[in-house]
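Worksheet for the structure shown next.
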Amino acid sequence: MQQNISDSILYIGADDKDLDLFEGQYLVPEGVTYNSYVIIDEKIAVMDSVDDRKIDVWFEQLQAALAGRKPDYLVITHMEPDHSSGIEKIMKAYPETKIVGNAKTFTIMKQLFEVDNIDDCSYVVKEGDELSLGEHKLTFVMAPMVHWPEVMVAYESTSKTLFSADGFGKFGASDAPGGWACEARRYYYNIVGKYGANVQALLKKLDGIEVSTIAPLHGPILREDIGYYVKMYDLWSRYQAEEDSILITYASIHGNTAKVAHELQVILKAKGKENVELCDLTRDDMAQAVEDAFYSESLVLAAASYDAGLFPPMEHYLHHLKSKNFQNRKVGIIENGSWAPSAARTMKGMLETMKGITVLEPTVTIRSSYKSTDVAALEALADALIAK
Ligand code: FEO
């Protein structure tokens, strides 16, 4: 369980350690948190709610935090169901509570919930509006597409807290091992990665605002070295590599393409290149493979030909990269084909739809298995990857 932000800004979120897939596709072996907060002042504001899976524990904590009082406002920074399941619960338990959102918030709310009186209890805010709770004051900053169109963030000026919606969130329950960056990066590229320009726009709007605490909807409350988290979001949203490293991904049917990928790693290391990682697309976590591609300076795609096209695990991977706006990288290509190699042609066609991708020469074609006659071509590709 997380700590409160202050004596008057209380944490009422929940850990979810039994979830098999977040958003129906992302592995979360260390669970996830759904964060929600209550600001206690002359007026009381509840900041978002949680997923329906944890609605009862959330409501119990809310009632304890209220200590017999009633919430004046429920602020909705993001309508996605992992945060909005408490809306109907609040409307039933506390019908006088005003639901605070922007115009788009209420459009989506009416799509998600079949309730009659949303218009009666809605409190519509727009860019720069301030909501005074007494000592605490919330200013709303629109953040469309970080990660849905209705997303906004709220800055509380007394405590200098930024309620950042999905931004700066991470996978992992509150007691998950490891630091912030790895699972925050996997979260960022897979959840928000497509919308780098929108993240950049939000960072510009927040520039100059003094923030001492970031309170996201997932992951830990961030209190120290705020500049570090902002710097990482700036880097990630500009699609820049984080390390001068090479990621070799492979999709192999019988192990022969995998062998070439491993051999390329050996050659690169023999030539003095550190930081060369391998990823088996038939077995490894797809979301991690996407994260690692963005993290690395260069990418190698090694795949078998299949049905006059591309072995599906590699096709899925490239589809994921395209959908997350993968761009501005050097890419090496290795194909395997036993009678009519078609993988390289298909991979190049998919890469052509991505921005700023440079395919390195030579393309390496293996016929069935890696042999001594293939060494020169693989050495040449290694040289091209190192020279960049
Ligand atoms: Fe955590 Fe976009 O919802």
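Observations
- Options VAL124, VAL100: the member that is over 20 Å from PHE59 (Cβ atoms) and of a type in the set (A, V, I, L, M): VAL124
- Qualifying residue in the range 182-194 (condition: open to solvent by less than 20 Å² (accessible area, probe 1.4 Å) and assigned to a loop (DSSP other than H, G, I, E, B)): no
- Residue check for SER6: away from the ligand (no atom under 16 Å from the Cβ) and polar (S, T, N, Q): yes
- Filter pass, SER174 being more than 17 Å from the chain's Cα centre (by Cα) and within 16 Å of the ligand (Cβ to nearest atom): yes
- Residue list for the range 129-150, restricted to those being open to solvent by 30 Å² or more (accessible area, probe 1.4 Å) and more than 26 Å from the chain's Cα centre (by Cα): ASP129, GLU130, SER132, GLU135, LYS137
- Hey, SER122 in contact with a helix residue (DSSP H, G or I) (Cβ under 6 Å, 6 or more places away or on another chain) and within 15 Å of the ligand (Cβ to nearest atom) or not: no
- Flag for TYR239 being away from the ligand (no atom under 16 Å from the Cβ), touching a residue at least 24 places away in the same chain (Cβ under 8 Å) and assigned to a loop (DSSP other than H, G, I, E, B): yes
- Members of the range 50-64 found to be part of a helix (DSSP H, G or I), closer than 22 Å to ASP166 by Cβ and among the aliphatic types (A, V, I, L, M), listed by number: ILE55, VAL57, LEU62
- Applying the set (1) under 22 Å from ASN4 (Cα atoms); (2) touching a Ser or Thr at 6+ places or on another chain (Cβ under 9 Å); (3) within 16 Å of the ligand (Cβ to nearest atom) to PRO71 leaves exactly one unmet item: (3).
- First in the range 82-111 and within 16 Å of the ligand (Cβ to nearest atom) and among the small types (Gly, Ala, Ser), second anywhere and open to solvent by 50 Å² or more (accessible area, probe 1.4 Å) and not in a helix (DSSP H, G or I), Cβ under 9 Å, 6 or more apart: GLY101/TYR123; GLY101/VAL124
The values are calculated or read from the model by the stated rules, or taken from the named source; none is laboratory data. Remember, it's a predicted structure, so these values are computed and weren't measured experimentally. All Cβ positions, glycine included, derive from the backbone under ideal geometry; neighbour counts span all protein chains shown. The accessibility values were calculated without ligands, DNA or RNA, using every heavy atom of the protein model including side chains. Shrake-Rupley method; radii C 1.70, N 1.55, O 1.52, S 1.80 Å.
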